[in-house]
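What follows is calculated from the coordinates using simple rules that are stated; it is not laboratory data. Small disclaimer: the values here were computed from a predicted structure and weren't measured. With ideal geometry, Cβ positions are generated from the backbone for all residues, glycine too; neighbour counts draw on all protein chains shown.
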Amino acid sequence: MVDVDRLEAFPKIIEKINQHTPREFTKMEDYGGVSYVVPHSIYPAGYHCTPEKPLPFLYVVAQKKHIAIYHMGLYADVDLLKWFQDEYAKRDPTKLNMGKSCIRFTNIKKIPYDLIGELAGKMSAEEWIERYDTMKKSRS
């Protein structure tokens, strides 16, 4: 069961992302959360693991003990990752709880909504496709 406080913070995060995400991404509900994807009309190949699905870019889900934001661009672009880590540190002195592409917010009172919005607008679908294709080629 997801904590009620997290359910209240969730739409605020989605609102900020909606305000900043480039229009070429499509918002959809998937896997119990909200996804922003590159539609097949822009990237027909889809996601390499499941080509019938569009290319994922950003995903937000409310978990039992945290809200998670998965931003694939953070995994694929070291400059974007560094920018986010630096900006987070300027806004919040607490340690960033993060994996390779997953940002976890356990304290909803410390969610940097504006920073999340900025992050959502930092990469176009074209830039994400370029990085994604480069990563795929390097692993082949």
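Taking a spot 7 Å from the Cα of residue 124 along the direction of its beta carbon, which residues of segment 35-60 have an amide N less than 14 Å from it? So the set is empty, nothing qualifies.
For q values of 0.21 Å⁻¹, compute log₁₀ I(q)/I(0) with the Debye formula on a Cα-only model of the chain, without solvent. Here log10 of I(q) over I(0) equals -1.37. Principal-axis analysis of the Cα atoms of the chain puts helix 78-91 at an angle of about 10° to the longest axis.
Taking every alpha-carbon pair under 8 Å whose residues sit at least 6 apart, segment 4-134 reaches a relative contact order of 27 percent. For the chain, adding -39500 (n - 2.57) for each run of n ≥ 4 DSSP H residues and dividing by the number of residues yields -13000 deg cm²/dmol at 222 nm.
In this label model, residue 100 and residue 79 are separated by 2.2 nm, measuring between points 7 Å along each Cα→Cβ vector. If neighbour count is taken as other Cβ atoms inside 10 Å, put 106, 94 in order from fewest to most. The most exposed by this proxy come first: 94, 106. Ordered by the count of other Cβ atoms within 10 Å of each Cβ, fewest first, 83, 128 give 83, 128. Over segment 3-78, all Cα pairs binned in 10 Å intervals from 0 give whole-percent P(r) values of 18, 49, 27, 6, listed from short to long. Ordered by the number of other Cβ atoms lying within 10 Å of each residue's own Cβ, fewest first, 78, 60, 37 fall into the sequence 78, 60, 37.
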